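Scroll down for the structure; my scribbles are underneath it.
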Amino acid sequence: MRDTNTVIPLHQSTEEPRRFKVFTAKQLDKIEPLQRLDEDTRFAMEVVASVLPFRVNEYVIDELIDWDKVPNDPIYQLTFPQKGMLAPEHFDHVANAMRDGDKDTIKQAIAEVREALNPHPAGQMEHNIPEVDGEKINGIQHKYNETVLFFPSQGQVCHSYCTFCFRWAQFIGDNDLKIAAKEAGQLKKYIQAHPEITDVLITGGDPLVMKTKNLRAHIEPLLELEQIRTIRIGSKALTFWPHRVVSDADAQDLLDLFREVIDSGKHLALMAHYNHWQELRTDIAKEAIRRVRDTGAEIRAQGPLLAHINDNADDWAKLWQSQVELGIIPYYMFVERDTGARHYFEVPLAKAWQIYRDAMKQVSGIARTARGPSMSSHPGKVEIQGVTEIKGEKVFVLRFIQGRNHDWVQRPFFAKYNEDATWLNHLEPALGDSQFFFEEELAEMEGE
Ligand SMILES: *Cc1c(COP(=O)(O)O)cnc(C)c1O
Ligand code: SF4
């Protein structure tokens, strides 16, 4: 165990804790370090910020971004919109409207481009909407047997937005305890009707933007359910706002809630979204991790592989190693999904696997726990296990980490090697097969 006496609680230090201050697209000109960029760059940022998510807080600006490295700084790329994130024709369409259009023209141009960017990938909207007593309920997604995903309506924003994210298509947010209670009731009913569910993954947006009392309203009813063994909270707060568990007014209350979950005998995992080791360097980021771990909760790390941010093996090795040293368990390396500014961030599957492998080679087994590179695709989570040759044919070896049918899990299968492919739908069956083993069954499931 760590010696707790050596840690000076930040809330007892003489410095005032930082207050949460956030900038959105309308306040770009208020962000001081941007003033050193030239006018073209700033206009381009305004254009892109009108289409893609933009929201960044002062902690990220002051302490995570190294402004001497801009534009190549990874956290700058993670949070600040860049011209290349829109296709040239989309960029010009919105830029022209902004230069000489009226309000309505601009609004329409933005809406057209957004629609063209596949705001709801992997059939997220049409599929997987569950029912309780014949009533469709929003905010619950049950795709894999043992785990139900829950999107509380109050957790649909984040402390900052990632430029590659398109979940904001659903960002709304309303801080009403009554809504929390109603949703929690529906979730509980749904789980009780499905004895196969053992895990709840509360996600968003970021559920930790919620006040603790609202999060408590969601979590406490789950503690009464014997069938629930694990509660996960997906969050990027440990990166974007570690103050959430250190100095916010209800930080201690949140840590107490975590302890309550542990004391009830369930596993609590904070599924922390990390993209770069630079996010782990500040004192407050480390203090936040310590405090969460002191409650008995595990922190597991996951995040996508992204061009311009972390598309090299050295950064991943350093990220995993830093996580391990801070007591975090590396969990997933994701392939960037088919939406939003994907052409800017995407990394071919062949290269993704190479990076994964080269990073793995640099760390010991303790840091080799991240599975991937994994695609969260319509049939399931598909991992690229490697590239090899079978009887003279170069192939990708793939497997399901999760499948719409749980019988597909861990089944290896093969696809023709394709150097440029960036997603499952670019791949073709190998070794003379006319389709992948799961395709017929998937089509049947669709037909239902
Ligand atoms: C990843 C994921 C889960 C959790 O899967 P694990 O393999 O248990 O981490 C659950 N539901 C959906 C829709 C997911 O994408
Ligand atoms: S923290 Fe997660 S949900 Fe929020 S913008 Fe980033 S990727 Fe999207």
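The values are calculated or read from the model by the stated rules, or taken from the named source; none is laboratory data. Being a predicted model, the structure only gives us computed values, none of them experimental. Quick reminder, even Gly has a Cβ in these numbers, built from the backbone with ideal geometry, and neighbours come from all protein chains shown.
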Scan the range 50-66 and report the pairs whose first residue is in contact (Cβ under 8 Å) with a residue 12 or more places away in the chain and within 12 Å of Gln27 (Cα to Cα) and whose second residue is hydroxyl-bearing (Ser, Thr, Tyr) and within 16 Å of ligand 1 (Cβ to nearest atom), with Cβ atoms within less than 7 Å and a gap of 6+ or a chain change.
-> none
Give the residue that is nearest to ligand 1 (Cβ to nearest atom), with candidates limited to residues of the range 310-359 that are among the hydrophobic types (A, V, I, L, M, F, W, C), assigned to a loop (DSSP other than H, G, I, E, B) and under 25 Å from Leu270 (Cβ atoms).
-> Ile328
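Is it fair to say Phe166 is modelled with pLDDT under 80 and surrounded by 14 or more Cβ atoms within 10 Å (Cβ to Cβ)?
On the way: modelled with pLDDT under 80: yes; surrounded by 14 or more Cβ atoms within 10 Å (Cβ to Cβ): yes.
In short, yes.
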Determine which single condition Lys361 fails, assuming it passes every other condition in (1) charged (D, E, K, R); (2) away from ligand 2 (no atom under 16 Å from the Cβ); (3) touching a strand residue (DSSP E or B) at 6+ places or on another chain (Cβ under 9 Å).
-> (3)
So Val47 clears everything in (1) among the hydrophobic types (A, V, I, L, M, F, W, C); (2) more than 22 Å from His343 (Cβ to Cβ); (3) crowded, with 18+ Cβ neighbours inside 10 Å except one condition, right? Which one?
-> (2)
Restricting attention to the range 255-306, which residues are charged (D, E, K, R) and part of a helix (DSSP H, G or I)?
-> Asp256, Arg259, Glu260, Asp263, Glu279, Asp283, Lys286, Glu287, Arg290, Arg291, Arg293, Asp294
Filter pass, Pro348 being over 30 Å from Tyr161 (Cα atoms) and out of contact with any Pro (no Cβ under 8 Å at 6 or more places or on another chain) = no
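Please pick out the residue among Ile202, Ile219, Ile191 that is within 16 Å of ligand 1 (Cβ to nearest atom), closer than 27 Å to Val132 by Cα and out of contact with any His (no Cβ under 8 Å at 6 or more places or on another chain).
On the way: Ile202 fails: out of contact with any His (no Cβ under 8 Å at 6 or more places or on another chain); Ile219 fails: within 16 Å of ligand 1 (Cβ to nearest atom).
Unique residue meeting the criteria: Ile191.
In the list Asp263, Asp250, Asp311, which residue meets the criterion of being of a type in the set (Asp, Glu) and in contact (Cβ under 8 Å) with a residue 40 or more places away in the chain? Steps first, please.
Details: Asp263 fails: in contact (Cβ under 8 Å) with a residue 40 or more places away in the chain; Asp250 fails: in contact (Cβ under 8 Å) with a residue 40 or more places away in the chain.
Every option except Asp311 fails the conditions.
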Does the range 360-410 hold any residues that are at pLDDT 95 or above, more than 11 Å from ligand 1 (Cβ to nearest atom) and closer than 21 Å to Ile299 by Cα, and which are they?
-> Met360, Val363, Ser364, Gly365, Ile366, Ala367, Arg368, Thr369, Ala370, Pro373
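If I filter the range 219-237 down to residues being in a helix (DSSP H, G or I) and under 15 Å from Phe150 (Cβ atoms), which single residue comes out as nearest to ligand 2 (Cβ to nearest atom)? If you could, list the steps in order and put the result at the bottom.
First pass over the range 219-237, keeping only residues in a helix (DSSP H, G or I): 219-223, 237.
Next, from what is left, pick out any that are under 15 Å from Phe150 (Cβ atoms): 219-223.
On the way: Ile219: 19, Glu220: 24, Pro221: 24, Leu222: 22, Leu223: 26 Å.
Among residues in the range 219-237 that are in a helix (DSSP H, G or I) and under 15 Å from Phe150 (Cβ atoms), the one nearest to ligand 2 (Cβ to nearest atom) is Ile219.
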Within the range 70-113, count every residue that is under 29 Å from Trp241 (Cα atoms) and in a loop (DSSP other than H, G, I, E, B).
-> 8
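Just one of Thr422, Thr369 is touching a Leu at 6+ places or on another chain (Cβ under 9 Å), touching a residue at least 40 places away in the same chain (Cβ under 8 Å), among the hydroxyl-bearing types (Ser, Thr, Tyr) and closer than 18 Å to Trp353 by Cβ; which is it?
Numbers: Thr369 fails: touching a Leu at 6+ places or on another chain (Cβ under 9 Å).
Every option except Thr422 fails the conditions.
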Test Thr147 against the criterion of being within 16 Å of ligand 1 (Cβ to nearest atom) and at pLDDT 90 or above, and give yes or no.
-> yes
Restricting the first residue to the range 16-28 and requiring it to be in contact (Cβ under 8 Å) with a residue 24 or more places away in the chain, which pairs with a second residue that is of a type in the set (Val, Ile, Thr) meet a Cβ separation below 6 Å and a spacing of at least six or different chains?
-> Phe23/Ile31; Phe23/Val56
Checklist (1) surrounded by 19 or more Cβ atoms within 10 Å (Cβ to Cβ); (2) under 30 Å from His308 (Cβ atoms); (3) touching a Lys or Arg at 6+ places or on another chain (Cβ under 9 Å) applied to Phe413, failing item = (2)
Mind checking which residues of the range 85-105 are more than 14 Å from Arg342 (Cα to Cα) and crowded, with 17+ Cβ neighbours inside 10 Å?
-> Phe91, His93, Val94, Ala95, Ala97
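Identify, from the list Asp68, Asp133, the residue that is more than 16 Å from ligand 1 (Cβ to nearest atom) and either at pLDDT 95 or above or within 28 Å of Glu32 (Cα to Cα) (or both).
Numbers: Asp133 fails: either at pLDDT 95 or above or within 28 Å of Glu32 (Cα to Cα) (or both).
Being more than 16 Å from ligand 1 (Cβ to nearest atom) and either at pLDDT 95 or above or within 28 Å of Glu32 (Cα to Cα) (or both) holds for just one of Asp68, Asp133, which is Asp68.
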